[in-house]
Amino acid sequence: MRISGVAVVTAIALTFVPSGFGADTVAWGSSVNGLRLGIAFGADPSKPTLRILLRNVGSAVQDVLIGYETGRGLSYVMKFIATAPDGNKREGFHKSVFTPIGGVVLPFSVRLTAGAIHELEFPLTDIIYPSRTTATLDALVKEGYSIRVRFEANQLDADWARLSHAWVGSVSSAEILPPH
């Protein structure tokens, strides 16, 4: 009887929880060669971030080359596609791509076992859209732009990184709108 009472109390409590609370708000794209990419805005509105998740949906181990390491830190090879309310698109990059490199450059990969997820989180101000009017993702989101992320890895880079279970392909997340 005690267990059923706990279940009833839990069910009643859940009726008063806001609908988005605890829900998986990740916008997952289609699977490509056993890898799936998803994105979500971070939970803390006072520190706007973008979460990027790579999920191995295949049955084999995948080594995913997500960037390179330099003396100045990590540089990520992802494209951040922002779409304005009028449909115009802009392509942005993590700010690390614009850092001059001197010295050794090493591959940076993550190993994902079957079912594993690797998550990255970037401040919106670290995503830069260069053009005549350079902007950050933070500014574009405030203007109502939606966002999706595209990630590509090719065999030549996988060979350079000497990955034994290299993932190769191009994968995109689904598109998300800014939180309200």
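The values are calculated or read from the model by the stated rules, or taken from the named source; none is laboratory data. The shown structure was predicted, so the numbers you read here are calculated from the model rather than taken from an experiment. Areas reflect the complete protein model, heavy atoms only, side chains present, ligands, DNA and RNA absent. Shrake-Rupley method; radii C 1.70, N 1.55, O 1.52, S 1.80 Å.
Any idea of the accessible area per residue across the chain, 1.4 Å probe, to the nearest Å²? Don't jump to the answer; show the numbers that get you there.
On the way: 10440 Å² over 180 residues.
In whole numbers, the chain has 58 Å² accessible per residue.
Largest accessible area first, the listed residues Lys79, Lys142 line up as Lys142, Lys79 when surface is computed with a 1.4 Å probe on the assembled protein chains.
For His165, nonlocal amide neighbours, meaning residues 5 or more places apart or on other chains whose placed amide H falls under 5 Å from its own, are Asp63.
Can you pull the accessible area of Thr125 for me, 1.4 Å probe, Å² to the nearest 10? About 80 Å², rounded to the nearest 10. Largest mean-square fluctuation among Ser131, Ser75, Ser31, in a Gaussian network model of the chain whose springs join Cα atoms under 10 Å apart, belongs to Ser131. Based on DSSP H segments of at least four residues, each scored -39500 (n - 2.57), the chain has a per-residue ellipticity at 222 nm of -4000 deg cm²/dmol. The fraction of accessible area contributed by carbon and sulfur in the chain is 57 percent, rounded to a whole number (1.4 Å probe; ligands and nucleic acids excluded). Across segment 171-180, computed HN-Hα scalar couplings (Karplus, 6.51 cos²θ - 1.76 cosθ + 1.60, θ = phi - 60°) run 9, 10, 7, 6, 8, 10, 9, x, x, 9 Hz from first to last residue, x flagging Gly and Pro.
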